[in-house]
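The values are calculated or read from the model by the stated rules, or taken from the named source; none is laboratory data. As the structure is a prediction and not an experimental result, all values here were calculated from the model. Glycine gets a Cβ as well: all are built from the backbone with ideal geometry, and neighbour counts include every protein chain shown. Protein only, heavy atoms only, side chains kept; ligands, DNA and RNA dropped before computing areas. Shrake-Rupley method; radii C 1.70, N 1.55, O 1.52, S 1.80 Å.
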Amino acid sequence: MTTITDLYPSRGTAETLTERCDPVVWRPPVGRAAPGPLSRTEIASYERDGFVSTEDLVTPAEVDAFRAEMHRLIDDPVLREDERTVIEPDSREVRSIFEIHKLSRVFADLVRDERLAGRARQILGSDVYVHQSRVNVKPGFRGSGFYWHSDFETWHAEDGLPRMRALSVSIALTDNRDTNGSLMIMPGSHRTFVGCAGATPADNYKTSLRMQEAGTPGDQALAEMAVRHGIRLFTGRAGSATWFDSNCMHGSGSNITPFPRSNLFIVFNSVENTPAEPFAAPGRRPGFIAARDFTPLPAGDNRPV
Ligand code: 6CS
Ligand code: FE
């Protein structure tokens, strides 16, 4: 059995800070970033801040189709009883539905679209597969938030992703306003790994997807990071998208407005960064949260030759 070094320790007795030892943009051995849909300026700002936004990633007609597909999934009585559906902690409403690229032809086609997979390949410098996909519904009135966290912290500790070589795209299906619980990120926070205090309980995913506890930094670390980096709020029309590095410190508030804030959320991981065993959890999470099928998404026309 081979042991993989834990470059980013977490879930111990004390909080720790570790400098990132992985690239943000994974370049071929020689030269610039791989060719792809992102411009050099966009690549540079992604590398500096840990994120980049795209206006009109998908068309208004596609947004309508995706929203209809989301409602079809939300209204499916069989799926509602399935583990892939997560219910809000304070109401009976759907909070998230996982593995949407397996549940729906429409979303299966979307994840392999060059506008998505092409950007992911460009930043990660290799073929990619989907580690996780979901729709976050954030309904009006009582849609609850997501507390501050780094996704990589969870994917490393609970899923076993060895390196920071994954990214997420959040695609707005409704307008993301400054009032309805939109995404907040601390720019530049992706360069430091916050190892969080506290062991991972067994079957943590059964509660963490409704309200995360293990893997959230303490108040003092968050306060220092917020002063150092600032906090950026991501607003945008339906159809816009934000791409962000797996180690960005991010979160979102609750939604007490009547306007739902629904987003698709897709995580791409490099095929050169596949997980083995979790680094800091009693067991693996199920495949609908942390995929174990590493088949690369087929590359389209803009693939580097
Ligand atoms: O569990 C996950 O994979 C994701 N969900 C939450 C609530 N936190 C970590 C990560 O973003
Ligand atoms: Fe997250």
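Computed values, structure above
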{"quantity": "The range 102-240: C-alpha pair distances exceeding 26 Å, %", "calculated": "32"}
{"quantity": "With eigenvalues of the C-alpha gyration tensor scaled by 5 and rooted, the range 12-66, Å", "calculated": "30, 21, 10"}
{"quantity": "Residue 78/residue 284 FRET efficiency (R0 30 Å; Cβ-Cβ; nearest 0.05)", "calculated": "0.75"}
{"quantity": "Label-point separation, residue 16 to residue 114 (7 Å along Cα→Cβ), nm", "calculated": "4.4"}
{"quantity": "Residue 102 - accessible surface, heavy atoms, 1.4 Å probe, Å² rounded to 10", "calculated": "120"}
{"quantity": "The chain - mean residue ellipticity at 222 nm from DSSP helices (-39,500 (n - 2.57) per run, n ≥ 4, rounded to 500)", "calculated": "-5500 deg cm²/dmol"}
{"quantity": "Cα extents of the range 222-305 along the three principal axes, largest first (Å)", "calculated": "40, 40, 30"}
{"quantity": "Spherically averaged projected area in nm², based on the convex hull that wraps the Cα atoms of the range 150-202", "calculated": "5.6"}
{"quantity": "Other-chain or far-sequence residues with amide H under 5 Å of residue 128's (modelled H)", "calculated": "271, 297"}
{"quantity": "Viscosity 0.692 mPa s, temperature 37 °C, Stokes-Einstein D of the range 115-157 from Kirkwood C-alpha radius, µm²/s", "calculated": "246"}
{"quantity": "Test item: Cα-centred dipole of the range 31-137, Lys/Arg +1 and Asp/Glu -1 on Cβ, debye", "calculated": "400"}
{"quantity": "Low-density loop cleavage sites - trypsin sites (Lys or Arg not before Pro) in the range 232-305, where at most 15 other Cβ are within 10 Å (DSSP)", "calculated": "237, 292"}
{"quantity": "Computed over the range 162-274, the ratio Rg/Rh where both radii use C-alpha atoms and Rh is Kirkwood", "calculated": "0.97"}
{"quantity": "Over 27 Å [Cα-Cα, the chain], rounded percent", "calculated": "38"}
{"quantity": "Kirkwood-based Rg to Rh ratio, the range 50-163, C-alpha trace", "calculated": "0.97"}
{"quantity": "Solvent-accessible ranking of 219, 151, 82, largest area first, probe 1.4 Å", "calculated": "219, 82, 151"}
{"quantity": "Of the trypsin sites (Lys or Arg not before Pro) in the range 29-72, those whose Cβ has at most 10 other Cβ within 10 Å and which sit in DSSP loop", "calculated": "32"}
{"quantity": "Probe 1.4 Å, accessible area per residue of the chain, Å²", "calculated": "44"}
{"quantity": "For the chain, with +1 on Lys and Arg beta carbons and -1 on Asp and Glu, the positive-most of 103, 226, 276 along the dipole", "calculated": "226"}
